[in-house]
Amino acid sequence: MEKEISIINAIVFDPLNNIEGEKLDVHIRNGKIVESVGRKARKINASGKTMMPGGVDIHSHIAGSKVNTGRLLRPEDHRKDVEIKTKHTHSGVGYSIPSTRTTGYRYAKMGYTTVFEPATPPLKTRHTHEELDSTPIIDKGCFPLLGNNWFIMEYLRDGRLDECAAFVAWMLKATKGYAIKIVDPGGVEVWGWGKFIKRLDDPIPNFDVTPREIVRGLCKVNKMLNLPHIIHVHTNNLGSPGNYQTTIETMDAVRDLADGKRPIIHITHVQFTGFSGSSWVNLGSGAPEIADYVNDHNHVSVDLGQVIFGDTTTMTADGPFQYFLHQLSGNKWVNLDVEAETGSGIVPFQYKRTNYVNAIQWGIGLELALLVKDPWRVFMTTDHPNGGPFTSYPKVIAWLMSKKAREKMISRINRTARRRLDLPNIDREYTLGEIATITRAAPAKSLTLMNKGHLGLGADADIAIYDLDPSKVDLENKPSTIRKAFKETLYTIKNGKIVSKQGQIAGNSYGNTFYTESQVSKNLEADLMKDIQSRFKDYYTIEFENYPISDGFLRNPAKINCKADV
Amino acid sequence: MSQEVISNVICTVCGCSCDHLQVTIDNDKIVKVKNACAMSSGKMLGYRNERTTQPMMKKGTTLKPTTYERAIDVTAKTIIKSSSPLFYGWSLTSNEAIAIGVDLAEETGGFFDNTTSTCHGPTILGVHEIGESSCTLGEIRHRADLVIYWGSNPVHAHPLHMSRYTVMSKGRFRKSRSDRKLIVVDVRKTDTAKLADVFIQLEPNNDYELMVALRAAVRGDEIEQETVAGVSIDKIEELAEMLINCEFGALFFGLGLTMSAGKSKNIEAALSLVTELNSKTKFVIMPMRGHFNVNGANNVTTWLTGYPYAVDFTQGFPRYNPGETSAVDLLARGECDSALIVASDPISNFPYQAAKHLTSIPLITIDPHITPTTMCSNIILPSAHVGIETTGSTYRMDGVVLETRKLVDPPKGVKTDVEILSALLKRVKSLTR
Amino acid sequence: MKKIQVTLLSGRSLSQGREKEQGKLSESYFKSVACCEINGEDIKEIGLDYGENVRISTKYGTVVVKTTAPKQTLERGIIFVPYGLWVAQVSGSETDGTGMPSYKGISSTLESAKKEKVLTVDQLIKKSFSRKKSKKL
Ligand code: SF4
Ligand SMILES: [Zn+2]
């Protein structure tokens, strides 16, 4: 395939470079964006077409033990959505938990080129990488679950922050992980006994540390290690009425650690922890309160976890929440606790328009997106597949860009919910530039992927060209045009190669897997090794030497080096 | 020649994936194994017995030596020509090999099945209906104060299971055997049953009835009969009390449950019982997977196709209907017109009628050993032992993935499953595209 | 000659597990699987001593194996034959829509086969799968 491509006359949205709808040419050589190319370069005439950097999904469950168990749990999910083998592509299945190849193809078709799996149990991360390696086209990475880890809880209890930092650095290296993920801090350990915790200051039995201390400790560790992302937090009390307060308390728990430069805590799928009210009957949207907090405090970023009406499969590391959802729905349930580390649960779920709670949830996600003023701190996700499959993104974009689209859905949801939501009164409509921000530029920035999420010189040539001419269509009045355009690119370019053209996948290339190595001082590392080894056998059922993933294990590893302060 | 001692070696026999073996190598041979059970040392010290070492192909009625290249070429042409080739085995090889196997089945429009269909297939069917409350083995080691083995005899089939992961192990919150109760449910007093605090002997093929009664007792429902499956109601109620009152219970089950009458209904009943127990205490359930990587075969197949076994690619997309698309059913109906067997011995293990059909179609086998299946094959492709003669990743019964090592060289000239299968896939593609 | 009705169970045994790793043509593997554990009363009833051969017949087929004393407790009316080529000859292919054939609890008839031989792997393959003659590699 061509090494050089020129894209001519595109209408470019590149928020990181402050380009909003300018008509520009972009040149590509050897997978990078360059100043100019030779005359023989392949030319793509993009006049009247919208061009953006390739999409970056910061939070989508696409690989690993719970995803695969979700697939295994639900043959009925796959039967209704199959992909037939073609000359260039593998067969596969959807719907809410697509097979690995199908996942890669479907993201590429939508113009997404980088996706992060946000919850991998460290002990099972080899599995996660095996699936990521099997996912074509896109670049990827994964976040190890560290919020219920025995070593970490003990280091924090004992005030041994340096060791804790060194341990986290070792974990990221051992699992080839990218960032610190915290899910229901301490709560999953308690769920190991089938019990629950509710409050940020409840001590975790047997460990004598609180969720607040875990979040704060890891937030400090994150800074000490200078990691490329920030702590990525799924708060306590997910799915319970009134939990918007836990969300705000969690954000506020690290406020004093902020240094003003950039956010230091990311609260994920905030829709699920944006419930106000005290019961299912008076459940309401806590989005206005959360948005107020986010607007007033720049140490926080959030992503949506937008709900899509229809059938999906919920799966989180939040074992207790999944059990609760099983009891609530009566649907089949999987629980998978992981020794000394974490857990997870899976429950199929159907979000119904006419269901009061589901309709409120749908409203919370959109309210958040519309009420948070700074698009650099709110990212579009459905927490795939928890709120709905990632293939629903075009719908979400249409709702954000068009009040008309929202009104149409509002008129069809549960009536009481309609009355109680603020959503009908919100007029804001996202611009294409803001959409480019929340779907690529901002997440790339939050992940410190320097060559992603923009189209400046030297950037990776990951590009999406959509069949959309904002000068010709009145977008806010044409939501179906928005949906159609974002469903399938005219061209998706990955590393300078056309990987998808009008929904036709060109073949099976495989992207990089990003992971982080933060080097702590040699002395600290040596002390840590001694300490881990002295207890490792007591905590785990595998040998210390068999725990780290070997260097040759990943198909295309891409290491991000950082230098720790300790 | 000096001896080399390798520690933390991962055993590739049963689903326990013990990773604490110490192996001594002398002159590229394993001469000593420490920490292993009898099954494991049997393999570690016996892997050189009865090997296939030379690719063979049938000429007329006799097998004649050939080359890998030739054998792979003929194999490729044979499966391309078939309208529905069967690809079966996969539980004694690496994830990497399994993944290539799935692509091969997809490319040639065949059926891909692994040995799950004849061991824990019903377990998977049960999980489709109910889900499962489970965990990694370490959770049980740390927390379980009550362990049940139902239709499973770990003393024989998973010899280190109890000492590494359950009643005899030392965990964070349970220090010794006396901190835990062991309950064994079986149709006969097995060697495992002899170690139990409570042994429940039931009549063969009545697992379902007993499971349902137990669930009723857990719920506090009145049971009409005086005995169920030969077990008195008093005993059942006593058992239910024990389950409810433990802090963390674990139910392991084996083929005694999956294979006895009712099959997937038994498993559904077991899964439901455990799910229900979670409203009263913490309870988990886990199948005792036999072959060391049968769980890997399920996992790899699932992420590639959505389904764990019995996948039908004949229509160009993955389709799944165990009972129809599973190996024994296909063969018993006389449907497949060629078969590639990888690391498995279906001639020894399949019921006669199914095995008989296998021997009436072109049969190609990739295996390190001479087996009844290789003896009946038209083409034999010798291969290296995963975890001894080549690397490869595998799944423990609880889904923990380990990277096995290469300890010694394979017999001279012998290739690995990955090498053979990738060459075969390449050949198939070059012939068809 | 007396025939009795029994329930056939099959499964793994430690020796079968161990000897399988020694190779499926080995004498020790043959001994560990071409056998049938049977209760002391039952064996008396068909007029055999342990170590003598017995014929097991089911609706799926028939096979001769050697009797052995139970290694683990075994009730009357139940026999145990370890997984392997021999028990496969009398197992059924129906899977009741599960993919899983019946290996446990198959109703069988047992009779003395004092005068008959237990077939070796080679012989059994030849007899059962005769289209292809087995050849030593
Ligand atoms: S119990 Fe299983 S995995 Fe462990 S040593 Fe024995 S055969 Fe190997
Ligand atoms: Zn999530």
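None of the figures in this text is laboratory data; all of them are computed from the coordinates on show. Note that this is a predicted model, so its numbers are computed, not measured. Cβ: placed from backbone, ideal geometry, glycine included. Neighbour counts: every protein chain shown.
Quick look at the numbers
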read-out	value
Percentage relative contact order, segment C:3-122, counting C-alpha pairs under 8 Å, at least six apart	40
Sequence-distant aspartates and glutamates (8 or more away, or on other chains) whose Cα lies within less than 13 Å of residue B:412	B:28, B:389
With Cα atoms, 0 to 90° folded angle of helix B:294-305 axis to chain B main axis	70
Residue among B:275, B:254, B:167 farthest towards the positive dipole end of segment B:121-287, charges placed on Cβ	B:167
Calculated FRET efficiency for the pair residue A:289/residue A:208, C-beta based, R₀ 30 Å, to 0.05	0.40
Footprinting exposure proxy for A:465, C:78, B:98, B:25 (fewest neighbouring C-beta atoms within 10 Å first)	B:25, C:78, A:465, B:98
Cα centroid of segment B:338-365 to Cα centroid of segment A:1-26, whole Å	58
Gyration tensor verdict on the protein assembly as shown (Cα atoms; rounded if a/c is under 1.5, prolate if a/b is larger than b/c, oblate otherwise)	prolate
Candidates B:158, B:142, B:128, ranked by Gaussian network fluctuation over chain B, Cα under 10 Å, top entry	B:128
Mean shadow area of chain B over all directions, Cα convex hull, nm²	21.4
Global form of chain C, assessed from the alpha-carbon gyration tensor, a/c cut-off 1.5	rounded
Tilt relative to chain B, helix B:233-245 - C-alpha long axis, 0 to 90 degrees, to 10	80
FRET efficiency, residue A:354 to residue B:199 (Cβ-Cβ, R0 60 Å, nearest 0.05)	0.65
R0 of 51 Å, Cβ-Cβ distance residue B:81-residue B:222: FRET efficiency to nearest 0.05	0.20
DSSP-defined beta bridges in the protein assembly as shown - what % are antiparallel, rounded to 5	50
With Cα atoms, 0 to 90° folded angle of helix B:95-108 axis to chain B main axis	60
Shape category assigned to segment B:121-287 from the gyration tensor of Cα positions, a/c cut at 1.5	rounded
Chain A, relative contact order [Cα under 8 Å, separation at least 6], %	21
Selected from B:378, B:27, B:298 as most flexible by GNM, with chain B as the system and alpha-carbon contacts under 10 Å	B:27
Virtual spin-label span in nm between residue A:565 and residue A:257, 7 Å along Cα→Cβ	1.1
Per-residue mean of C-beta atoms belonging to partner chains within 10 Å, peptide A:543-552	4
Burial ranking of peptide ranges B:287-295, C:87-95 (average Cβ count within 10 Å, highest at the top)	B:287-295, C:87-95
Per-residue mean of C-beta atoms belonging to partner chains within 10 Å, peptide A:319-328	1
Spin-label pair residue A:174/residue A:32, simplified geometry with 7 Å Cα→Cβ offset, distance in nm	3.6
Other protein chain Cβ atoms within 10 Å, averaged over every residue that makes up C:113-121	1
Percent of beta bridges antiparallel (DSSP, segment B:121-287, rounded to nearest 5)	10
Max mean-square fluctuation residue, GNM over chain B, Cα-Cα springs under 10 Å, options B:107, B:132, B:224	B:224
DSSP beta bridge pairing in chain A, given as percent antiparallel to the nearest 5	55
Pair residue B:426, residue A:20: separation of 7 Å Cα→Cβ label points (nm)	5.4
For segment C:69-127 versus segment B:74-116, the gap between their alpha-carbon centres in whole angstrom	30
Inter-part distance where segment A:227-285 and segment A:97-149 are each reduced to a Cα centre, Å	24
Value of relative contact order over chain B, rounded to a whole percent, pairs C-alpha under 8 Å and six or more apart	24
